[in-house]
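One structure below.
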Amino acid sequence: MLTTMLTLMLLTGSPESDDIRSAYTLLQTGINRFDETTLLKAINRFDSLSERQPGNGQALIGAGWARYQLGTYYMTRKMGDKVTDSYDANMKVAEKLSEVKGFEADGLVLKAAITMNKLSVSGGASAALLSFKIHGWLDEAEDLRPDHPRLHLIRGMMYFFTPAMFGGSAEKALSFFTQSVKSFEAVARQAPPADHLGFAESCAWAAQAEFKLGNGDSARKWCERALSIQPDYGMIRQRLLPMINEKFPE
């Protein structure tokens, strides 16, 4: 009943829904800029909402995804200690989300995403165990909700980064990124903001897979698709698209 009421508030423009949308706008800005300060502000905003509205799955998804994005920021900045140090606290958010009725699959996918960041700064037996856990959570999420867009996004990223000798490939990754995009396309435009979270990112990863496969035109089209969804997506405009244009001039 609580989850249903919260969803209705999001769809009917209550003050609570305005707060959620404002927090998601802040998160989107942090993703576009790939900016630590803005992502931390988004985390604080979502945490405050979660404290005021226990069981609000939309707020918990935002809180968790912001933490995942911040972990990615730390990972790319070679700040692996921050990824490791924040892991347990971040996983508690995913656990809370898993306990909200109707958001069980979201919680499992969030566990996989957060753990994927830890995997990136781990090695040896620890990395193998983390990889096993990630695929296990994704399998569980798929049993609950086969069309979950971020499920396919994270699965694709796992295959993108996994060495070929262990079953990874850009082709496999691309198939999951494409499935993620199809799942996002099926989401109603008026759905809560969390349901659209990761749409442009799926297109961006499809572009990276096509780039890795040597398909410049297809990579460029995926970048254009990402920018049609998220026009200020800095990772596309400032890094990926220039890289594609340099290697595959039009």
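The values are calculated or read from the model by the stated rules, or taken from the named source; none is laboratory data. All values derive from a computational prediction rather than experimental measurement. In this analysis, Cβ positions are derived from the backbone assuming ideal geometry, glycine residues included, and neighbour counts consider all displayed protein chains.
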Q. Of the residues that make up the range 194-213, is at least one outside the structural domain of Leu240 (by TED's automatic domain parsing) and either among the hydroxyl-bearing types (Ser, Thr, Tyr) or on the phi > 0 side of the Ramachandran plot (or both)?
A. no
Q.
Is it the case, given these coordinates, that Ser86 is at pLDDT below 95 and surrounded by fewer than 20 Cβ atoms within 10 Å (Cβ to Cβ)?
A. no
Q.
Please determine whether any residue of the range 151-172 is out of contact with any Ser or Thr (no Cβ under 7 Å at 6 or more places or on another chain) and basic (Lys, Arg).
A. yes
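Can you tell me which residues in the range 48-67 are surrounded by fewer than 24 Cβ atoms within 10 Å (Cβ to Cβ) and either of a type in the set (Lys, Arg) or assigned to a helix (DSSP H, G or I) (or both)?
Our first condition is that a residue be surrounded by fewer than 24 Cβ atoms within 10 Å (Cβ to Cβ); within the range 48-67, this holds for 48-55.
Within the range 48-67, Ser48, Leu49, Ser50, Glu51, Arg52 meet the criteria.
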Q: Go through the range 17-33 and count every residue that is under 11 Å from Ala66 (Cα atoms) and either touching a strand residue (DSSP E or B) at 6+ places or on another chain (Cβ under 6 Å) or not β-branched (Val, Ile, Thr) (or both).
A: 6
Q | From the options Phe161, Phe211, residue that is of a type in the set (Phe, Trp, Tyr), surrounded by fewer than 18 Cβ atoms within 10 Å (Cβ to Cβ) and either modelled with pLDDT under 95 or under 30 Å from Gly123 (Cβ atoms) (or both) | A | Phe161
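In the range 89-115, how many residues are basic (Lys, Arg) and surrounded by 23 or more Cβ atoms within 10 Å (Cβ to Cβ)? Outline the logic, then answer.
So the first thing to find is which residues in the range 89-115 are basic (Lys, Arg), and the list is 92, 96, 101, 111.
The next check asks that each one be surrounded by 23 or more Cβ atoms within 10 Å (Cβ to Cβ); those that pass are 111.
Residues meeting the conditions: 1.
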**Q.** Every pair of residues 6+ apart whose Cβ atoms lie under 8 Å, when the first sits in the range 106-126 and is more than 15 Å from Phe161 (Cα to Cα) and in the same structural domain as Ala59 (by TED's automatic domain parsing) while the second is in a helix (DSSP H, G or I) and acidic (Asp, Glu)
**A.** Gly107/Glu95; Leu108/Glu140; Lys111/Glu95
Q) Of the residues Met157, Met165, which single one is in a helix (DSSP H, G or I) and free of Cβ contacts under 8 Å to residues at least 12 places away in the same chain? A) Met165
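Please find, among Lys92, Lys41, the residue that is under 18 Å from the mean Cα position of the chain (by Cα), without any contact (Cβ under 8 Å) to a residue 12 or more places away in the chain, farther than 19 Å from Ser202 by Cα and not assigned by TED's automatic domain parsing to the domain that holds Tyr233.
Working: Lys41 fails: without any contact (Cβ under 8 Å) to a residue 12 or more places away in the chain.
Every option except Lys92 fails the conditions.
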Q. Can you tell me which residues in the range 217-249 are out of contact with any helix residue (DSSP H, G or I) (no Cβ under 6 Å at 6 or more places or on another chain), closer than 23 Å to His196 by Cα and not in a helix (DSSP H, G or I)?
A. Pro231
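Just wondering, is there one or more residues in the range 216-232 that are in contact with a Pro (Cβ under 7 Å, 6 or more places away or on another chain), closer than 20 Å to Met158 by Cβ and either surrounded by fewer than 19 Cβ atoms within 10 Å (Cβ to Cβ) or without any contact (Cβ under 8 Å) to a residue 60 or more places away in the chain (or both)?
Within the range 216-232, the subset in contact with a Pro (Cβ under 7 Å, 6 or more places away or on another chain) is none.
Checked against the condition, which is being in contact with a Pro (Cβ under 7 Å, 6 or more places away or on another chain), closer than 20 Å to Met158 by Cβ and either surrounded by fewer than 19 Cβ atoms within 10 Å (Cβ to Cβ) or without any contact (Cβ under 8 Å) to a residue 60 or more places away in the chain (or both), the range 216-232 yields no hits at all.
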(Q) Of all residues being touching a Lys or Arg at 6+ places or on another chain (Cβ under 8 Å) and of a type in the set (Gly, Ala, Ser) in the range 214-243, which is farthest from Arg33 (Cα to Cα)? Just the residue, please. (A) Gly216
